[in-house]
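The values are calculated or read from the model by the stated rules, or taken from the named source; none is laboratory data. Predicted, not measured: the structure shown is a model, and the values here were computed from it. Counting neighbours? That spans all protein chains shown, and the Cβs are built from the backbone with ideal geometry, glycine included. Surface areas here come from the heavy atoms of the whole protein model, side chains and all, with no ligands, DNA or RNA. Shrake-Rupley method; radii C 1.70, N 1.55, O 1.52, S 1.80 Å.
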Amino acid sequence: SFTNYEKSSGVERELFRQSVREANYVFAGTGSPSYALAQWKGLDLQEDLLHVLDNGGVVCFSSAAALTLGAFTAPIYEIYKAGAEPYWLEGLNLMGLLGIDCAIIPHFNNNEGQDYDTSCCYLGLERLRELENKLPSDFMTLGIDEHTALLIDIGTQKISVIGKGNAYTGSIQAKQQITPDSVLNQKSLNINVKKTFRNKTVKQETVSSPLELAAIIEQGGSEAINALTQLVNLSNAPMQENKLVNSLVDSILDIRQQLKNNGDYQLADELRNILIQEKIEIEDTASGAKWRIK
């Protein structure tokens, strides 16, 4: 899990990213789109999500999370709750990487406000029109009704809708409706799409041995965090199935001692804390670190 970018360590961030990249199904849902962006932009999460798609996986984002997938994101809480003037945030732009330059607006047919317009994800038609006027001319809004899913099949380049409602492309002034019985492709959307869908296979990252990872960690630099993360992932293998667990944990503790000897106490402490989180108790003694599985 990952909760706060600023409070997390480099190893925790890399562990989260690797978990996403190795997944075949990634889901994110409700909350604040601006808060989500604050956590995900620093991680370059869009690249990891693209890696999932490139390797045949599924990315399923809804509500606040769906708002972040376009090139521009409407900060719903700031506009609707706090009364800020309508403005855009820079989104993850996963849709742009797939070939669709847009801003996504879920909850398009919301009517909770009754006499007060809460459609267009609580923005209302007037404020969405104002936001659309601030988009570049070759960008569109992509609206999706509640209880409705817009499906994009990268392999066939087909776009379809399932559920109780519809999806909408274009703008408030000239929007095109996509109904559940529609199956479209990019050309049939009648929009100015510059790029094309990606459909490539990304080479899987190779996992080095503990000794190779130790050498990378000792050298320091930008690759040290990634190597340390791989080492932690190796130690996370089920204890009863990992025949090398004893030598592996010993190797990790040796690296931790080397880090301390080199004065890199912060990285050494991160490594120790993560091992403790994985139920490995560590005791520092005069003769070196001892450990046991809790």
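Count of the stretch 10-25 residues, restricted to those that are buried (at least 20 other Cβ atoms within 10 Å of the Cβ) and at pLDDT below 85, is 4. State all residues of the stretch 255-278 that are under 17 Å from Thr229 (Cα atoms), of a type outside the set (Ser, Thr, Tyr) and open to solvent by 90 Å² or more (accessible area, probe 1.4 Å); if no residue qualifies, say none. If the condition is that a residue be under 17 Å from Thr229 (Cα atoms), of a type outside the set (Ser, Thr, Tyr) and open to solvent by 90 Å² or more (accessible area, probe 1.4 Å), then Gln266, Gln277 are the ones that fit. Can you tell me which residue is farthest from the chain's Cα centre (by Cα) among those in the stretch 83-100 that are crowded, with 21+ Cβ neighbours inside 10 Å and assigned to a loop (DSSP other than H, G, I, E, B)? Out of the qualifying residues, it is Ile100. For Ser119, the conditions (1) at pLDDT 95 or above; (2) assigned to a strand (DSSP E or B) all hold with the exception of (2).
So in the stretch 1-45, with the set limited to residues that are outside any loop (DSSP other than H, G, I, E, B) and without any contact (Cβ under 8 Å) to a residue 12 or more places away in the chain, which one is nearest to Thr68 (Cα to Cα)? Once the filter is applied, the top-ranked residue is Tyr35. Here Ala71 meets each of (1) open to solvent by 50 Å² or more (accessible area, probe 1.4 Å); (2) touching a Cys at 6+ places or on another chain (Cβ under 9 Å); (3) of a type outside the set (S, T, N, Q) with one exception, condition (1).
Exactly one residue among Leu271, Leu275 is among the aliphatic types (A, V, I, L, M), closer than 18 Å to Val11 by Cβ and in contact with a strand residue (DSSP E or B) (Cβ under 7 Å, 6 or more places away or on another chain), and that residue is Leu275.
Out of all the residues in the stretch 48-55, is one or more more than 30 Å from Gly10 (Cα to Cα) and either in contact (Cβ under 8 Å) with a residue 24 or more places away in the chain or part of a strand (DSSP E or B) (or both)? Looking through the stretch 48-55, none of the residues is more than 30 Å from Gly10 (Cα to Cα) and either in contact (Cβ under 8 Å) with a residue 24 or more places away in the chain or part of a strand (DSSP E or B) (or both). Residues that are over 26 Å from Cys60 (Cα atoms) and open to solvent by 50 Å² or more (accessible area, probe 1.4 Å) were ranked within the stretch 102-124; the one that is nearest to the chain's Cα centre (by Cα) is Asp117.
Could you identify the single residue in Gly42, Gly31, Gly56 that is within 11 Å of the chain's Cα centre (by Cα) and open to solvent by 20 Å² or more (accessible area, probe 1.4 Å)? Spell out how you get there, then give the answer.
On the way: Gly31 fails: within 11 Å of the chain's Cα centre (by Cα); Gly56 fails: within 11 Å of the chain's Cα centre (by Cα).
Answer to the selection: Gly42.
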